[in-house]
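Student: Dumping the structure here so I can ask a few things about it.
The values are calculated or read from the model by the stated rules, or taken from the named source; none is laboratory data. As the structure is a prediction and not an experimental result, all values here were calculated from the model. With ideal geometry, Cβ positions are generated from the backbone for all residues, glycine too; neighbour counts draw on all protein chains shown. The protein model used for the area step is the full one, side chains on, heavy atoms only, and it has no ligands, DNA or RNA in it. Shrake-Rupley method; radii C 1.70, N 1.55, O 1.52, S 1.80 Å.
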Amino acid sequence: MLLFRQFVNDDLGCASYLVGDSEAGVAVVVDPALSIEQYYEDGLRIERVLETHTHADHVSGHGRLALEHGLPVAIHALAEPEYPFEPLADGDVIHVGSVEIRVLHTPGHRPEHCAFVVNGELALTGDSLFVGDAARPDLAVAAREGAEDLFRSLEKLAALGDGVQVYPGHVAGSLCGGNMSSDTSSTIAKERATNDALQFRDIQEFVLVSASVSTPRPPTTERVVGLNRGPWVGLPEEPAELADAGEATVLDVRPFADYTAGHVPGAISVPVDGGSFGTKAGFVLMPGEQVVLHARSGTEALAAARKLWAVGLLDIAGYVVTAPANETLATLDVDELRELLGSPGLQLVDVRETTERDSGYIPGSQSVPYRLLRKIGCGALDRSRPVVTVCESGPRAAIAASLLQREGFDVRAVADGGVADFTDTVAFRRCGA
């Protein structure tokens, strides 16, 4: 009688679950997204919310489910939530009709983290064990402390039995792990055989590797944790169309080709139809600044707003469709970049992460990850010299170019292609790597 549904937010790489008894017509939601409508499509009576932990990368839908549907929220007491909650503890069993959900306390990613074992057959592992990877231990406590707890938690999960199916809280695209697979499920047997995180037998060796986290922190970590731990967060009001953006920061969510053809002076380009929109926008928007979206339609603006709400960017002043888009941005392709290499005065800026750059970069390029340009990176560049931005394949170079243009740089972006198209790159090996 088990009803089981997995929901994956492709923009953030987050997974949530509906677990219920189809005959009894009841269910619970595990780690809900802010878009809660999807959980009611089966017509079941949802009884409560189960949270594996306080999320750092997306705003939970538990506030909406509590405010709009009166649902209780269950989470481990170590989360210290500021909302009414039902405390979970290791070994607790939750009955959903005839379905049994056993609580397994699995700290490491966060002290309160719990996994949920459904009928002894399925393990909802949250942010502990992923497909092909394990959680990062540095978002809530010191990395070494988190890694020690995570090692023991992974041992506990691996002992569940080879036939137990694994359903993680994240898939590829999330910043909560570095090497996770795009597969949305696995088994304990497969993970024991293929997941590097389960190959360690010595805790200190595991800690040394696991605590050396190179993946950037989710850009809105503190803000999202505060929202998820604090009073309920309801659904924000839909943004209204404005006559103009005024003094607000303009986030241009149209395709980059539209941006290059004409945009509001000073606008930042992060296309909503690109991958990881919410994460990228979180990296380039400053805390507390007023934001107006530039979209092609109200529908596109609302789609962008929903993805921004999901990462805790709730204060959107509105959107514009017809705007004074009289500034353009030049682009070039890979062949044109090859012709320019070595030109006197040219600043070629590689806007990938340093770990990506280590495996191969274009000789003579400078490294400034795009996510740092608005905060600290512009001062490393010479405003009197032209700039070309490049990444692996184009999208981040486009964002970086928009950031540099608003700072007054003469900039062009390699917006279709990038380092991946070069065979004569230089590799870099860091000491101790």
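Student: Give all pairs with beta carbons closer than 8 Å in which a residue from the range 383-409 that is of a type in the set (Phe, Trp, Tyr) meets a residue that is assigned to a helix (DSSP H, G or I); count only pairs at least 6 apart in sequence or on separate chains.
Tutor: What qualifies is PHE409/CYS378.
Student: Right, here's the next one. Within the range 413-424, which residues are surrounded by fewer than 24 Cβ atoms within 10 Å (Cβ to Cβ) and either closer than 21 Å to THR249 by Cα or not aliphatic (A, V, I, L, M) (or both)?
Tutor: ASP416, GLY417, ASP421, PHE422, THR423, ASP424
Student: List the pairs whose first member sits in the range 29-45 and is free of Cβ contacts under 8 Å to residues at least 24 places away in the same chain and farther than 13 Å from TYR17 by Cβ, whose second member is open to solvent by 50 Å² or more (accessible area, probe 1.4 Å) and outside any strand (DSSP E or B), and whose Cβ atoms are under 9 Å apart, counting only residues at least 6 apart or on separate chains?
Tutor: Going by the 9 Å Cβ cut-off, the qualifying pairs are TYR40/HIS69; ARG45/ALA24.
Student: Still on this structure: From (1) surrounded by fewer than 19 Cβ atoms within 10 Å (Cβ to Cβ); (2) under 27 Å from GLU222 (Cα atoms); (3) out of contact with any strand residue (DSSP E or B) (no Cβ under 9 Å at 6 or more places or on another chain), pick out the condition that doesn't hold for GLU86.
Tutor: (3)
Student: Select from the range 280-311 the residues that are part of a helix (DSSP H, G or I) and at positive phi and list them in ascending order.
Tutor: The answer is none; no residue qualifies.
Student: Name the single residue, out of those in the range 310-328 being touching a residue at least 24 places away in the same chain (Cβ under 8 Å) and either out of contact with any strand residue (DSSP E or B) (no Cβ under 8 Å at 6 or more places or on another chain) or of a type in the set (Lys, Arg) (or both), that is most open to solvent (accessible area, probe 1.4 Å).
Tutor: Only one residue fits best here, namely ASN326.
Student: Which of the residues that make up the range 4-24 are modelled with pLDDT of 95 or more and open to solvent by less than 20 Å² (accessible area, probe 1.4 Å)?
Tutor: Selection gives ALA15, SER16, TYR17, LEU18, VAL19, GLY20, ASP21.
Student: Quick one: count up the residues across the range 117-144 that are surrounded by 24 or more Cβ atoms within 10 Å (Cβ to Cβ) and among the β-branched types (Val, Ile, Thr).
Tutor: The qualifying residues number 2.
Student: In the range 65-74, is there at least one residue being closer than 30 Å to VAL207 by Cβ and either touching a Lys or Arg at 6+ places or on another chain (Cβ under 9 Å) or assigned to a loop (DSSP other than H, G, I, E, B) (or both)?
Tutor: No; the residues of the range 65-74 include none that is closer than 30 Å to VAL207 by Cβ and either touching a Lys or Arg at 6+ places or on another chain (Cβ under 9 Å) or assigned to a loop (DSSP other than H, G, I, E, B) (or both).
Results for (1) in contact with a Leu (Cβ under 7 Å, 6 or more places away or on another chain); (2) surrounded by 20 or more Cβ atoms within 10 Å (Cβ to Cβ), shown as yes or no for each residue.
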position: ALA245; (1), (2): no, yes
position: ALA248; (1), (2): no, no
position: PHE256; (1), (2): no, yes
position: TYR259; (1), (2): yes, yes
position: GLY266; (1), (2): no, no
position: VAL270; (1), (2): yes, yes
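Student: Also, quick follow-up: Tell me which residues, restricted to the range 277-296, are buried (at least 21 other Cβ atoms within 10 Å of the Cβ), of a type outside the set (A, V, I, L, M) and either under 14 Å from LYS307 (Cα atoms) or in contact (Cβ under 8 Å) with a residue 60 or more places away in the chain (or both).
Tutor: PHE277, GLY278, THR279, LYS280, GLY282, PHE283
Student: Please verify whether the range 369-385 includes one or more residues that are outside any helix (DSSP H, G or I), under 19 Å from PHE277 (Cβ atoms), in contact with an Asp or Glu (Cβ under 9 Å, 6 or more places away or on another chain) and open to solvent by less than 60 Å² (accessible area, probe 1.4 Å).
Tutor: yes
Student: Let me ask you something else. Across the range 83-98, what is the total count of residues that are in a loop (DSSP other than H, G, I, E, B), touching a residue at least 12 places away in the same chain (Cβ under 8 Å) and out of contact with any Gly (no Cβ under 9 Å at 6 or more places or on another chain)?
Tutor: 6
Student: Restricting attention to the range 273-285, does a residue exist that is modelled with pLDDT of 95 or more, more than 30 Å from LEU78 (Cα to Cα) and in contact with a Ser or Thr (Cβ under 8 Å, 6 or more places away or on another chain)?
Tutor: No.
Student: Step by step: first the residues of the range 193-211, then only those that are in a loop (DSSP other than H, G, I, E, B) and surrounded by 13 or more Cβ atoms within 10 Å (Cβ to Cβ), then the one that is nearest to the chain's Cα centre (by Cα). Which residue is that?
Tutor: Taking the candidates together, the pick is ALA211.
Student: While we're here: Being farther than 20 Å from VAL19 by Cα, assigned to a loop (DSSP other than H, G, I, E, B), open to solvent by 10 Å² or more (accessible area, probe 1.4 Å) and in contact with a Cys (Cβ under 9 Å, 6 or more places away or on another chain): is that true of PRO107 here?
Tutor: Considered against the rule, which asks whether it is farther than 20 Å from VAL19 by Cα, assigned to a loop (DSSP other than H, G, I, E, B), open to solvent by 10 Å² or more (accessible area, probe 1.4 Å) and in contact with a Cys (Cβ under 9 Å, 6 or more places away or on another chain), PRO107 comes out as yes.
Student: Only one of ALA56, ALA27 is open to solvent by less than 10 Å² (accessible area, probe 1.4 Å), part of a loop (DSSP other than H, G, I, E, B) and hydrophobic (A, V, I, L, M, F, W, C); which?
Tutor: Residue meeting the stated conditions: ALA56.
Student: Could you tell me which of the residues ILE362, ILE376 is of a type outside the set (S, T, N, Q) and more than 23 Å from PRO218 (Cα to Cα)?
Tutor: Being of a type outside the set (S, T, N, Q) and more than 23 Å from PRO218 (Cα to Cα) holds for just one of ILE362, ILE376, which is ILE362.
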